[in-house]
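The values are calculated or read from the model by the stated rules, or taken from the named source; none is laboratory data. Source: prediction; values computed, not measured. Reconstructed Cβ throughout: ideal geometry from the backbone, glycine too, with neighbour counts over all protein chains shown.
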Ligand SMILES: N[C@@H](CCC(=O)N[C@@H](CS)C(=O)NCC(=O)O)C(=O)O
């Protein structure tokens, strides 16, 4: 399998971390890709032009990160990271929704920041408020060291905030979330996928 990714993308990190946990990382060739350059190989696999995009051995392509993680979870033989049914499944998917939403808001802020004088614009301010509210909500969630797709997504989102917005400390008013993240980010699958430029 081939994964179009970038070292900075939090969505791609979620997929890479999931692949490590599922024991599939050695079967995945990582193809470093700048989606904004619209490389033909990416566009042929994904008309949306987004990373992460996974291409399987038979040439099928999968996106977005949720679908790729579902696919990897399905083909792996070890312990699942997406619970198959019941309350644990819905809690994991709900948490993934929060983590992915954080990433969406943070990635959009980065895109808006590339536009002149955009930081103070209503859309940028709205994303900032989305991030603050979501962090507040996560502070009250019962996060554990149990590994599932929800916890992976939240960890990747927090890692992205630290990576892209280091001057905006989120920890002081969210001590429980901060303490959880200290333990979570020490895990091997997050250590091996730390964001880079
Ligand atoms: N919902 C998608 C979001 C993917 C996404 O936004 N990827 C960004 C990189 S972090 C991207 O490819 N951006 C290129 C663009 O906006 O054209 C997922 O879960 O995979």
Looking at 138, 143, can you tell me which residue is at pLDDT below 95 and in contact with a helix residue (DSSP H, G or I) (Cβ under 6 Å, 6 or more places away or on another chain)?
143
Could you list, in sequence order, the residues of region 114-137 that are part of a helix (DSSP H, G or I) and either over 20 Å from residue 156 (Cβ atoms) or away from the ligand (no atom under 16 Å from the Cβ) (or both)?
122, 123, 124, 125, 126, 128, 129, 132, 133, 135, 136, 137
Enumerate the helices (runs of 4 or more DSSP H) found wholly within region 1-111, keeping only those where 3 or more residues are surrounded by fewer than 16 Cβ atoms within 10 Å (Cβ to Cβ) and away from the ligand (no atom under 12 Å from the Cβ).
40-45
Exclusive hit being in contact (Cβ under 8 Å) with a residue 12 or more places away in the chain and over 23 Å from residue 185 (Cα atoms), set 94, 126, 109:
109
